[in-house]
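Working notes, beginning with the structure itself.
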Amino acid sequence: MAALAYLLTFTTYGTHLPGSEKGSVNVKNCIPGSPMAPCNPDREAYWCSRLIEAPWVLDEEARLLTLQAILGVCGHRQWIAYGVHVRTNHVHAVVGGDAAPERMLSDFKAYATRAFRLESVVNRRRRYWTDHGSTRYLWNEASCKAAVKYVLNGQGVKMACYPI
């Protein structure tokens, strides 16, 4: 049985480091529903010292470019975008299609990066996104609806969203 859709989450480079007070996930607590890893300032400082450039925060223009890129990928690949919300430091997307969720995640980041590099007013950098991301399988309509509700209405003030 194939998943109906996936809840994909990925973050901008350097904005969600292991050990931060926001919480993080590691191999000991990566099961959905398990608590986040506790705050650890030394661990966060270690990872901060390894950054090769400043953290990347998406301004309004970059959020809109990211949203357009994601919707463009979905159109090109014939994937279904049920809900997308681009925030200042992360992206949530509920997407269905005939590809592995890791492929979707990779394509979304690649197309958004290409859009940034083609747009002269967006800051040119080496890294825009963190490696990897979260790929949660949504097996039925109820879980898909719940994920879309979370993505569109559970994030605080709406930023760049689809559907509006």
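The values are calculated or read from the model by the stated rules, or taken from the named source; none is laboratory data. Quick caveat: nothing in here was measured; it's all calculated off a predicted structure. Note: ideal-geometry Cβ built from the backbone for every residue, glycine included; neighbour counts use all protein chains shown.
Brief remarks follow.
- Residue in the range 18-45 that is modelled with the highest pLDDT, counting only those that are surrounded by 12 or more Cβ atoms within 10 Å (Cβ to Cβ) and under 15 Å from Gly133 (Cβ atoms): Pro18
Conditions tested, residue by residue: (1) more than 12 Å from Val94 (Cα to Cα); (2) surrounded by 15 or more Cβ atoms within 10 Å (Cβ to Cβ).
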{"site": "Ala110", "(1), (2)": "yes, no"}
{"site": "Leu118", "(1), (2)": "yes, no"}
{"site": "Arg124", "(1), (2)": "yes, no"}
{"site": "Arg127", "(1), (2)": "yes, yes"}
{"site": "Thr130", "(1), (2)": "yes, yes"}
{"site": "Gly133", "(1), (2)": "yes, yes"}
{"site": "Ser143", "(1), (2)": "no, yes"}
{"site": "Ala147", "(1), (2)": "no, yes"}
{"site": "Gly154", "(1), (2)": "yes, no"}
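- The residues in the range 88-105 that are within 19 Å of Thr15 (Cβ to Cβ) and either crowded, with 21+ Cβ neighbours inside 10 Å or free of Cβ contacts under 8 Å to residues at least 40 places away in the same chain (or both) can be counted, and the count is 4.
- Applying the criterion of being of a type in the set (Phe, Trp, Tyr) and more than 20 Å from Gly156 (Cβ to Cβ) to the residues of the range 46-81, the residue that is surrounded by the most Cβ atoms within 10 Å (Cβ to Cβ) is Trp79.
- Pairs meeting the criteria (first residue in the range 4-18 and free of Cβ contacts under 8 Å to residues at least 40 places away in the same chain, second residue assigned to a loop (DSSP other than H, G, I, E, B), beta carbons under 7 Å, at least 6 apart or on different chains) are Pro18/Asn26.
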